[in-house]
Amino acid sequence: MSSAQAQALARLAGSATIEKIAEHAWRIRKAAPADGIAPYCEKEHIDYAFVPEGRRFADLKLLAMDMDSTLITIECIDELGELAGCKSEIAAITAQAMRGELDYPQSLRKRVGLLAGLPESALATVYEERLRLTPGADELLAACRRHDIRVLLVSGGFSFFTERLKARLGIHFTLSNRLEINAGRLTGKLLGDIVDAEAKAAKFTAVMQELGARREESVAIGDGANDLKMMALAGLSVAFHAKPVVRAQAGCAISWSGLDAVVRLYE
């Protein structure tokens with residue numbers, strides 16, 4: 001945001017202390033909640049959060065995030081659906097699941113079933129030609145490397161993508177679903193247990209225990225209803241370009257900025 005916008009928000013928050021912390025980011029100290037802040041930020045497309053003084057990014061031990069539409073810009077299953085000729089059907093089920101209107105395991109089985117017969121090579125096509133990191137992802141991951149913060153990537157999507165991103169980006173832990181493939185084609189079935197909200201939360205808890213981390217030393221980022229149980233366990237939960245049900249329950253929401261904005265939430 002601009003200097004003028006920062007000053008306007010400082011006035012609304014009853015503060016005279018503003019600091020520029022990045023090209024388009026400002027910190028307003030001793031800010032008080034006020035009714036005019038949310039409507040002003042919505043109108044101006046500004047992300048904001050009230051964060052306790054002294055919270056440092058370097059003090060984190062774990063950063064956990066979702067993959068589809070969070071770390072990356074696409075929903076991989078929707079792109080596979082397009083290659084299979086059923087993107088609209090799959091996308092409609094995906095949207096319902098992310099809004100919390102459908103049981104996630106049931107919705108995933110329905111969507112994967114529509115991919116039956118798709119060549120295995122379609123997975124590589126999506127990864128190589130369509131998958132892009134979300135703006136700010138590189139900066140966020142670089143900050144994690146600088147401060148030796150472990151990264152957990154959890155996804156209701158597929159291990160074909162999470163494992164490649166893990167190797168490429170230096171991610172420490174992953175959890176995702178495995179597609180069954182037979183004779184070079186997807187069978188429309190999954191192998192093993194489905195990664196749902198409970199599985200994401202359980203993996204988060206297990207990694208926290210492994211790292212010996214306290215709750216306040218963690219942050220979790222997600223966009224869909226199946227991220228909420230994991231997000232509730234973190235010291236800070238961030239709804240990233242998320243559905244309304246997620247924004248309503250998260251500690252803060254990032255709706256206009258990139259993933260690097262997560263770093264700006266801390267000192």
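The values are calculated or read from the model by the stated rules, or taken from the named source; none is laboratory data. Quick caveat: nothing in here was measured; it's all calculated off a predicted structure. Backbone-built Cβ (ideal geometry, glycine too); neighbour counts: all protein chains shown.
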- Message: Can you confirm whether residue 34 is touching a Leu at 6+ places or on another chain (Cβ under 8 Å) and in a loop (DSSP other than H, G, I, E, B)?
- Response: yes
- Query: So which residues in segment 131-185 are in contact (Cβ under 8 Å) with a residue 40 or more places away in the chain and polar (S, T, N, Q)?
  - Reply: 134, 155, 162, 176, 177
- Any hit, segment 3-19, residues being closer than 18 Å to residue 238 by Cβ, outside the structural domain of residue 215 (by TED's automatic domain parsing) and either part of a helix (DSSP H, G or I) or modelled with pLDDT under 90 (or both): no
- Could you list, in sequence order, all residues of segment 145-156 that are modelled with pLDDT of 95 or more and outside any helix (DSSP H, G or I)? 147, 148, 149, 150, 151, 152, 153, 154, 155
- Query: Can you name every residue in segment 137-182 that is among the basic types (Lys, Arg) and under 17 Å from residue 193 (Cα atoms)?
  - Reply: 178
- Note on the structure: Pairing a residue in segment 110-124 that is closer than 12 Å to residue 79 by Cα with any residue that is of a type in the set (Phe, Trp, Tyr) and surrounded by 14 or more Cβ atoms within 10 Å (Cβ to Cβ), where Cβ atoms lie under 8 Å and the two sit 6 or more apart in sequence or on different chains, gives 123/158; 123/160; 123/161
- Task: State which residue is surrounded by the most Cβ atoms within 10 Å (Cβ to Cβ) when the search covers only segment 73-105 and only residues that are of a type in the set (Val, Ile, Thr) and modelled with pLDDT of 85 or more.
- Result: 77
- Query: Taking segment 187-208 as the region of interest, how many residues are β-branched (Val, Ile, Thr) and free of Cβ contacts under 8 Å to residues at least 60 places away in the same chain?
  - Reply: 2
- Query: Within segment 32-59, which residues are loosely packed, with under 12 Cβ neighbours inside 10 Å, modelled with pLDDT under 90 and more than 17 Å from residue 265 (Cβ to Cβ)?
  - Reply: 32, 35
- Could you list, in sequence order, the residues of segment 173-199 that are touching a Gly at 6+ places or on another chain (Cβ under 8 Å) and closer than 30 Å to residue 148 by Cα? 176, 177, 178, 195, 196
- Query: Which of the helices (runs of 4 or more DSSP H) contained wholly in segment 55-118 include at least 1 residues that are hydroxyl-bearing (Ser, Thr, Tyr) and in contact with a Ser or Thr (Cβ under 9 Å, 6 or more places away or on another chain)?
  - Reply: 87-98, 104-113
- Item | Verdict on residue 162 being of a type in the set (Ser, Thr, Tyr) and over 15 Å from the mean Cα position of the chain (by Cα) | no
- Message: Can you find, within segment 9-31, the residue that is farthest from the chain's Cα centre (by Cα) among those that are under 17 Å from residue 256 (Cβ atoms) and buried (at least 17 other Cβ atoms within 10 Å of the Cβ)?
- Response: 9
- Note on the structure: Result of the Cβ filter at 6 Å on segment 25-39, keeping first residues that are under 12 Å from residue 51 (Cβ atoms) and partners that are acidic (Asp, Glu), at least 6 apart or interchain, is 27/19
- Note on the structure: In the set 220, 232, the lone residue that is over 22 Å from residue 38 (Cβ atoms), in contact (Cβ under 8 Å) with a residue 24 or more places away in the chain and either surrounded by 21 or more Cβ atoms within 10 Å (Cβ to Cβ) or touching a strand residue (DSSP E or B) at 6+ places or on another chain (Cβ under 7 Å) (or both) is 220
- Among the residues of segment 233-251, is any in a helix (DSSP H, G or I), farther than 23 Å from residue 29 by Cβ, aromatic (Phe, Trp, Tyr) and modelled with pLDDT of 95 or more? no
